[in-house]
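Enquirer: Below you'll find the structure I mean.
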Amino acid sequence: MKREQIQKWLDEGYQILSDGEPKGIEGSLLDNVNQLNDEQPQVFMLTDLLTWSDDQLDKLDGFSDEQIEAMDS
C-alpha cells in the first residue's frame, strides 16, 4: 500500500481502512472503530497508517498496489 493512496482516501473523506476497503463513518470515530475492531480485526485509522514505515505498509493486508492502481484508472 502506498502512502499517496492513503492520503487520497483521506482527501476523499474516508477515515478508516476495514478489511482492505476505505470507509467513511458517521458519529464518534472512536466508538465506531472500537465496535469494528470487536467484529473485524482488520480495521485501521487512515491517519495512523500515514505514520507507518513503508515496510509496514507493504505488509498490510488488503489491496495490492496493482488493485489500487486499477481503482484509480
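Enquirer: In straight Cα distance, which lysines are under 16 Å from Lys59, not counting same-chain residues fewer than 8 positions off?
Expert: Within the straight-line cut-off, Lys59 pairs with Lys2.
Enquirer: Separate question: Ignoring ligands, DNA and RNA, how do Glu12, Glu4 rank by accessible area with a 1.4 Å probe, largest first?
Expert: Glu4, Glu12
The values are calculated or read from the model by the stated rules, or taken from the named source; none is laboratory data. Note that the structure is predicted; figures quoted are calculated from it, not measured. The accessibility values were calculated without ligands, DNA or RNA, using every heavy atom of the protein model including side chains. Shrake-Rupley method; radii C 1.70, N 1.55, O 1.52, S 1.80 Å.
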